[in-house]
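What follows is a single structure, written as structure tokens, with notes after it.
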Amino acid sequence: TPTCPRGDCAMPTPSDATVDPSVPTEDPAWRELLAEPAERFERRIGKAKRLIYPRRTAEDWRKASFASDTALAAQLEAIPDNGPRIDTREVSREEFVRDWEQPRRPVVIRGATESWAAGAAGDRQGRGGAWSLGELLRQYGGERFKVGEDDDSYAVWLKLKYYLRYLATSRDDSPLYVFDSSFAERSGTSRLGRDYAPPHYFADDLFRYAGERRRPPYRWFVLGPARSGSYVHIDPLGTSAWNALLQGRKLWALLPPHVPKEVVQPTPKLHGGREAVAWWANVYPKLAAATDPDHRPLTLVQTAGERGSREAAEMQPRGS
């Protein structure tokens, strides 16, 4: 097998890789994107990978073969969805504060995205809301989004069309994913910030008194294929967050803040590194069987149109 020390060897093309089922392959814009020669996509993706993970070879990106691991896929599918649900049209703000916010209980909220311009996920022809994969490609394909940081903490950017091509065909164990906190501030993508609105439950926002220039990051545009996701963490400054999902499914593990870090984040070398999918494959089964009930994560599967609110650490790698 040839080696690729630079990390920019041939990326799978639609002729030799399965296209992600979330991709609207009947959309003319997507058909055109998938039909383009792979070389320039490979160069851009390879450069981004080298900047973010300079010590990782091309083989390292797929050494665990998670993309074709049917046992792992079955293990993830079997994880229970234990997340409580409420409907924003049936639960008042006062009831939400009393039953969920004050007791610091995570909850999934339904019915809160129906009026958004971001809208529905979209169909195979690419018809859907402003944030469907078809519309994102048409409206923002030439815009750059953040996919990571280099060793000096400088942002690494990719044009969205290059990233979407990668999303459609990636077989990486833990694919790159868009995690962009400045999308609403850049001229080319600022319209995205007007496509949604916070739920009425979260009208209180103390950071707004600091002003837009001084407040810490507080909104993110996130996009990724199956097996992508963030490693287990606590949100910045100890804040709580709400997360809305418009397409695909997102798998979460929530743990009380007092659980020791060494329990939630054991030695990376013994458990596949600090990748979300490796955590689910190697760490989650041990925690699920823990004798201490506080060490057993609350797991839930967030689906399109649901918002999650939580006061705990998180993981999210079941799909885009």
**OP:** In nm, give the distance between the simple-model label positions of Lys261 and Asp81, each being 7 Å from the Cα along the Cα-to-Cβ direction.
**Re:** 3.4 nm
Original post:
How much area per residue is accessible in region 13-104 when the probe is 1.4 Å and only protein heavy atoms are counted (Å²)?
Top reply: 61 Å²
Original post:
Given Cα pairs under 8 Å that are at least 6 residues apart, what percent is the relative contact order of the chain?
Top reply: 22 percent
Subject >> Three-way shape label, region 127-169, alpha-carbon gyration tensor, a/c 1.5 >> reply: prolate
Original post:
Rg and Dmax of region 131-260, Cα atoms, in Å?
Top reply: 15.8, 45
**OP:** Mind jotting down a quarter of the surface of the convex hull over the alpha carbons of region 23-140, in square nanometres, one decimal?
**Re:** 11.9 nm²
Original post:
How many times 2.2 N^0.38 Å is the alpha carbon radius of gyration of region 192-288?
Top reply: 1.30
Subject >> the chain - percent of accessible surface contributed by carbon and sulfur, probe 1.4 Å >> reply: 51 percent
Original post:
Tell me, Kirkwood radius of the chain from alpha-carbon pair distances, in Å?
Top reply: 20.7 Å
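The values are calculated or read from the model by the stated rules, or taken from the named source; none is laboratory data. Keep in mind it's a predicted model, so treat the numbers as computed, not measured. Glycine also receives a Cβ, built like all others from the backbone with ideal geometry; neighbour counts cover every protein chain displayed. Protein only, heavy atoms only, side chains kept; ligands, DNA and RNA dropped before computing areas. Shrake-Rupley method; radii C 1.70, N 1.55, O 1.52, S 1.80 Å.
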